[in-house]
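Coordinate-derived values only; no laboratory data. Note that the structure is predicted; figures quoted are calculated from it, not measured. Glycine also receives a Cβ, built like all others from the backbone with ideal geometry; neighbour counts cover every protein chain displayed.
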Amino acid sequence: MIGILIIAHDTLPESLVKAVTHVLGTKPPQFEVLADLGAPRIETLSVAATDDPFDLLPTARERVRQLDTGDGVLIFSDIYGATPCNLAGKLVNPGHVEVVAGVSLPMLVRA
């Protein structure tokens, strides 16, 4: 199962996960199943205005590693060209770790 990482400004990543849970009425079952197996299905990484993206890179790489159960990771980011998206771009591994900018609630519900 493909892991999902949301990298975005401030509290947006956590808010999007809460909104997905609200829309679906519960946390999606696959989140729980993989969490029970010790492998998270979705993770977030918030980027504050004061954060140095180079300091966040090791944390981002670790989140990708934790999420990757062999099927790869899809990273969602908020604004193309902004710090979170640029950070996400450093994690790309074509065909295995990909980035989509302009994350929205419908995207996450579908994913």
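Numerical summary
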| item | result |
| --- | --- |
| Residue 14-residue 71 pseudo-label distance in nm [points 7 Å out on the Cα-to-Cβ vector] | 2.8 |
| Residue 51/residue 80 FRET efficiency (R0 25 Å; Cβ-Cβ; nearest 0.05) | 0.85 |
| Pairwise label distance in nanometres, residue 23 with residue 92, each label 7 Å out on the Cα-Cβ vector | 2.5 |
| Quotient of Cα Rg and 2.2 N^0.38 Å for the chain, N being how many residues it contains | 0.99 |
